[in-house]
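> This is the structure I want to talk about, given as structure tokens.
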Amino acid sequence: MSMKYKPTTQNNNNKQIIDLLIPNTEKEKLELEARMIQLDFIDRLHELMKYKNIKSKKELADLLGTTPSFITQLFSAEKLINLKHLAKLQRVLGIKYAIISDQYLRLKNSFRDDLVLKGYREMRIDIKEIKPGLKKSA
């Protein structure tokens, strides 16, 4: 009995679907990466909205002076956020964005771990808890 593989229509359909999902060109790879960054950013923005008690995309749109459909397009990564959008978000939400590379975070954590292994401990000081001392006059 011969067991030769014959491609079926099902297998061809699967290949077509996979070809659609996996980027082939550098441009497609870059576009996919940009959208993944966008979705990660939007996930964090959604958490921030909860913290700031912003209940809906419409409310966020009103705060930013834009349309709810535009916010929906940002949240679905249909449109990519730009620096002007970030600047508006900073103003409206009273926050400050910073770009930190994962390499920086790895190095920072590695340095901190090395200090801990050597017996050092992290100490944080809250400036609000420091009370100014009174100088004694001579």
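> Read phi for every residue in the stretch 67-78 and hand back ³J(HN,Hα) as whole Hz from Karplus 6.51 cos²θ - 1.76 cosθ + 1.60, θ = phi - 60°, with x for Gly and Pro.
8, x, 5, 5, 4, 4, 5, 5, 5, 8, 6, 5
> Explain nothing, just compute: Karplus ³J(HN,Hα) = 6.51 cos²θ - 1.76 cosθ + 1.60, θ = phi - 60°, for every residue of the stretch 15-25 in order, whole Hz, x for Gly and Pro.
Using θ = phi - 60°, the values come out as 5, 5, 5, 4, 4, 6, 7, 9, x, 9, 8 Hz.
> Let me ask something else about it. On a 31 Å Cα-Cα criterion, which of the cross-link pairs Lys96/Lys118; Lys27/Lys58; Lys27/Lys52; Lys29/Lys96; Lys29/Lys84 come out too long? Write out the running numbers ahead of the final one.
Working: Lys96/Lys118 34 Å; Lys27/Lys58 33 Å; Lys27/Lys52 37 Å; Lys29/Lys96 29 Å; Lys29/Lys84 24 Å.
Checking Cα-Cα distances, Lys96/Lys118; Lys27/Lys58; Lys27/Lys52 exceed 31 Å.
> Sticking with the crude label model, points 7 Å out along Cα→Cβ, report the distance from Asn14 to Thr66 in nm, one decimal please.
4.1
> Here's something else I'd like to know. Using packing as a proxy for protection, rank 17-24, 50-57 so that the peptide with the highest average count of other Cβ atoms within 10 Å comes first. Intermediate results must be reported in sequence, preceding the final value.
On the way: 17-24: 9.6, 50-57: 12.1.
In decreasing order of mean packing, 17-24, 50-57 become 50-57, 17-24.
> Apply the a/c threshold of 1.5 to the C-alpha gyration tensor of the stretch 11-121 and tell me whether it is rounded, prolate or oblate.
Because a/c hits 1.5 or more and a/b fails to exceed b/c, the stretch 11-121 counts as oblate.
> I would also like to ask the following. Counting Lys +1, Arg +1, Asp -1, Glu -1, what net charge surrounds Leu105 among other residues with beta carbon under 13 Å of its beta carbon? All intermediate terms of the calculation are to be shown ahead of the outcome.
Working: positive: Arg106, Lys108, Arg112; negative: Asp102, Asp113.
Charge balance in the 13 Å sphere: +1.
No lab work stands behind these numbers, since they all come straight from the coordinates. This one's a predicted model, so the numbers in the text were calculated from it and none came from an experiment. For neighbour counting, all protein chains shown are included, and Cβ atoms are generated from backbone atoms with ideal geometry for every residue, glycine included.
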